[in-house]
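K.L.:
Sending over a structure as structure tokens; questions will come in a sec.
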Amino acid sequence: MVTEEIILEALSKIIDPDFQRDIVSLGFVQDLVIEGGTVSFTIELTTPACPLSPVFQKQAIDLVGDLPGVETVRVNMTARKREGRQLSAEESGLKGVKYILAVSSCKGGVGKSTVAALLAKTLAARGAKVGLLDADIYGPSIPTLFNLHEPGVHATPDNKFIPHEVDGLKLMSFGFLMGDGPAVLRGPMVAQYMQQLLHNTQWDELDYLVIDMPPGTGDIQLTISQSVQIDASVIVTTPHQLSLTDVRKGIMMFDKVNVPVLGVVENMAYFICDGCNKRHYIFGESGGKELEQRFGLETIAELPITGNLSGSLDELAKSGIANDTTDIIIRTLGKKLLEKTERPNVDFDAKTITLSWPNGESCTVSNAALRRACSCALCVDEMTRAPLLDPKTIPMDIHAQKVGIIGNYAIMVDWSDGHNTGFFPYSVIKELAGKSRA
């Protein structure tokens with residue numbers, strides 16, 4: 001006779017590749033019921049529309065179905081319910097939204113809106129309930145991407161905006177209100193319109209709301225981040241040094257408003273010519289590696305230079321680019337939601353800075369060595385990456401006056417010589433600490 005223990009033992013062979021643990025120990029298997037030869041249970045994943053859902057479902061049916069005495073296997077695939085969202089407006093239309101993802105860039109023209117649109121459209125095509133909010137008041141892109149240029153938005157009897165809907169995807173943009181005319185507005189009016197779009201849109205129940213953030217790190221970006229509880233963000237950039245330099249501003253902005261950054265999507269990273277299947281990094285191959293070295297933030301996806309990214313959104317959504325990018329963003333979100341963020345404790349004195357993690361790991365680096373390793377624009381040339389800092393100019397008694405943690409990947413230091421613009425990823429600190437012990 002099949003028992004609960006036997007079934008759980010079989011299901012423990014299913015390993016989540018993101019956590020390198022089995023789904024039983026992760027707590028994904030729930031509501032297990034055995035009725036004669038019929039076994040039913042739920043696999044609750046971290047996020048809706050997870051690309052691993054059909055894989056786990058098939059593995060579960062095969063593993064349990066092969067057990068002696070089992071005739072029928074019923075697997076209900078679901079996602080973890082999110083706790084109540086903190087909102088600045090009591091009657092917000094965001095009440096029924098499970099997860100809010102912000103797609104951001106600090107520089108215009110890097111493909112941020114295209115990435116946001118393909119993410120939302122791909123999720124909707126997989127059956128998830130998805131909304132896409134175009135938060136760029138001055139240069140809305142969603143009407144153009146979805147070819148919706150006729151101005152006007154319908155409203156409910158209680159004056160809630162009714163979003164446009166295309167292939168099951170709900171869309172809202174200031175461009176729907178203004179049409180093709182320019183938005184000639186001052187700051188306070190922009191913030192007011194943004195609050196209306198955020199809270200006065202009837203989104204109903206959504207698995208995801210993707211917010212296409214306006215470029216930059218100004219008032220409107222802070223208004224959005226502070227008035228809704230954004231679950232995570234993705235920063236879009238290109239390999240060009242002007243774009244890479246601005247990534248730092250985005251990281252700092254989201255850190256100030258406690259929004260986790262999942263990673264960086266590097267657009268126009270490479271080109272594949274017709275004559276070969278080789279990737280050609282015409283802007284330089286080190287863009288993603290450089291970002292990780294400078295800021296400690298992982299490049300989670302590289303998108304090629306291709307006509308698909310500048311052509312029809314429908315064609316792009318059917319491509320492998322859209323599916324692969326969506327897969328990695330959703331899987332990274334799921335990993336971020338389940339992981340317990342363990343920030344290190346920071347101690348510093350006249351000679352050293354020490355990071356100590358809850359798992360017992362620690363590393364200590366000298367103030368002088370860390371200050372010399374700064375890779376900010378004042379210490380390293382932004383274009384050539386040639387060093388600008390003369391190590392001889394570092395005072396012998398250099399020390400930290402203040403140390404702040406950025407996300408869960410780096411620290412910033414206010415130094416006694418007045419310098420305070422450098423990011424120091426944990427990987428850099430550990431490497432320097434290892435060299436000092438060698």
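K.L.:
Determine, yes or no, whether Leu132 is modelled with pLDDT of 95 or more and assigned by TED's automatic domain parsing to the domain that holds Asp207.
P.N.:
Criteria met by Leu132.
K.L.:
I would also like to ask the following. Just to be sure I understand the filter: pairs with C-beta atoms under 7 Å, separated by 6 or more residues or on different chains, first member in the range 365-378 and not assigned by TED's automatic domain parsing to the domain that holds Arg294, second member crowded, with 19+ Cβ neighbours inside 10 Å and of a type in the set (D, E, K, R). Which pairs pass?
P.N.:
Filtered contacts from the range 365-378: Ser375/Arg294.
K.L.:
Let me ask you something else. Which is under 26 Å from Leu244 (Cα atoms), polar (S, T, N, Q) and in contact with a Lys or Arg (Cβ under 7 Å, 6 or more places away or on another chain), of Asn408, Asn420?
P.N.:
None of the others qualify; the one that does is Asn408.
K.L.:
Another question about this same structure. Can you name the residue in the range 55-80 that is of a type in the set (S, T, N, Q) and in contact (Cβ under 8 Å) with a residue 24 or more places away in the chain and, of all such residues, is nearest to Val97 (Cα to Cα)?
P.N.:
Step one: filter the range 55-80 for residues of a type in the set (S, T, N, Q), giving 57, 59, 72, 76, 78.
Narrowing further to those that are in contact (Cβ under 8 Å) with a residue 24 or more places away in the chain: 59, 72, 76, 78.
Values: Gln59: 30, Thr72: 35, Asn76: 22, Thr78: 16 Å.
Filtering first and then ranking leaves Thr78.
K.L.:
Quick check, is Val210 modelled with pLDDT of 85 or more, in contact with a Ser or Thr (Cβ under 9 Å, 6 or more places away or on another chain) and hydrophobic (A, V, I, L, M, F, W, C)?
P.N.:
no
K.L.:
Same structure, new question: Criterion first (within 30 Å of Arg248 (Cβ to Cβ), surrounded by fewer than 21 Cβ atoms within 10 Å (Cβ to Cβ) and assigned by TED's automatic domain parsing to the domain that holds Ile328) does Ser141 satisfy it? Give the steps one after another, and end with the answer.
P.N.:
Details: within 30 Å of Arg248 (Cβ to Cβ): yes; surrounded by fewer than 21 Cβ atoms within 10 Å (Cβ to Cβ): yes; assigned by TED's automatic domain parsing to the domain that holds Ile328: yes.
So Ser141 fits the description; yes.
K.L.:
Could we say that Pro54 is touching a Phe, Trp or Tyr at 6+ places or on another chain (Cβ under 7 Å) and not in a loop (DSSP other than H, G, I, E, B) here?
P.N.:
Answer is no for this residue.
K.L.:
Condition (residue is crowded, with 18+ Cβ neighbours inside 10 Å and modelled with pLDDT under 85) applied to the range 68-85: is it met by at least one residue?
P.N.:
No, because not a single residue in the range 68-85 is crowded, with 18+ Cβ neighbours inside 10 Å and modelled with pLDDT under 85.
K.L.:
Follow-up question, since we're still on this one. What are the residues in the range 392-415 that are assigned to a strand (DSSP E or B) and exposed (fewer than 12 other Cβ atoms within 10 Å of the Cβ), if any?
P.N.:
Within the range 392-415, Lys402 is the sole residue that qualifies.
The values are calculated or read from the model by the stated rules, or taken from the named source; none is laboratory data. These figures come from a predicted structure and were not determined experimentally. With ideal geometry, Cβ positions are generated from the backbone for all residues, glycine too; neighbour counts draw on all protein chains shown.
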